[in-house]
1. Considering all alpha-carbon pairs of region 1-41, what whole percent are spaced by more than 15 angstrom?
2. Given the -39500 (n - 2.57) contribution per DSSP H run of 4+ residues, what per-residue ellipticity at 222 nm results for the chain, rounded to the nearest 500 deg cm²/dmol?
3. For region 40-84, what is the per residue volume of the convex hull drawn over the alpha-carbon atoms, in cubic angstrom?
4. Determine the dipole magnitude for region 7-166: charges of +1 sit on the beta-carbon of Lys and Arg, -1 on that of Asp and Glu, nothing else is charged, the reference point is the Cα centre, and the result goes in debye to the nearest 20.
5. Compute the Cα gyration tensor for region 54-138, then decide on rounded, prolate or oblate, letting a ≥ b ≥ c be the square roots of its eigenvalues: rounded whenever a/c is under 1.5, prolate when a/b is larger than b/c in the other cases, and oblate in all that remain.
6. Put +1 on the Cβ of every Lys and Arg and -1 on every Asp and Glu Cβ in region 7-166; which of 161, 18, 110 then has its Cα farthest towards the positive end of the dipole?
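Just so it is clear, none of the values below were taken in a lab; they were calculated from the coordinates. What you are looking at is a predicted structure, and each value in this text was computed from that prediction instead of being measured. Cβ coordinates were reconstructed from backbone atoms using ideal geometry, including for glycine residues, and neighbour counts include every protein chain displayed.
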Amino acid sequence: MFTGENCQIRRCQKDKIHEIHCLALSIWPGSFAHILSKEQISYMMEMMYAIPVLEKELDRGIAFYILNYEGTDVGYTAIERIDNTSYKLHKIYLSHKLHGKGLGKHQLQQMEQLVKDYGASALYLNVNRHNAAVNFYKSQGYEIVKTEDISIGNGFWMNDFVMAKELK
């Protein structure tokens with residue numbers, strides 16, 4: 001198990017956005033290999049994680065964070081303000097070899113605290129309806145508030161739950 005002493009989260013600046021890109025290349029496809037086709041994974045990697053796309057997201061106000069564990073970057077998150085009282089967690093991913101050690105919970109709790117510090121009272125996220133992470137989010141106090149089917153182009157869809165947690 002980890003302790004907070006060997007785990008840090010830092011905000012990613014635009015000149016380091018390639019770090020998010022590299023983490024995504026190593027983590028994201030494996031997160032969806034059992035849910036999505038190889039073609040859709042390839043399409044979505046380009047659509048969401050190409051460096052120019054990540055730079056545009058930074059420019060529009062999405063903040064990226066990198067999780068470092070024992071001196072190695074092992075995960076990433078992204079948040080965006082929706083309004084004065086709520087934020088959206090766009091991305092939260094952790095190296096698969098570290099699942100089950102409490103790092104994902106720590107990563108999520110850190111983002112919750114961060115947006116609370118910014119004045120938010122709610123955090124929203126989308127998660128694929130077939131992703132095992134749905135149960136993780138439920139265990140952390142998130143509730144399904146709606147179902148969305150989002151066309152992302154090339155005949156591909158994201159079939160998601162929107163989940164939310166009231167932050168206290």
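1. 61
2. On the way: 5 runs with 59 residues, N = 168.
Counting only the DSSP helices, I get -11000 deg cm²/dmol.
3. Values: hull volume 4.7 nm³, N = 45.
Per-residue hull volume (Cα only) is 105 Å³.
4. Working: 18 positive and 18 negative charges, 66 e Å.
Dipole size: approximately 320 debye.
5. On the way: a/c = 1.60, a/b = 1.32, b/c = 1.21.
Prolate, because a/c is 1.5 or more and a/b exceeds b/c.
6. Ranked along the dipole, the leading option is 110.
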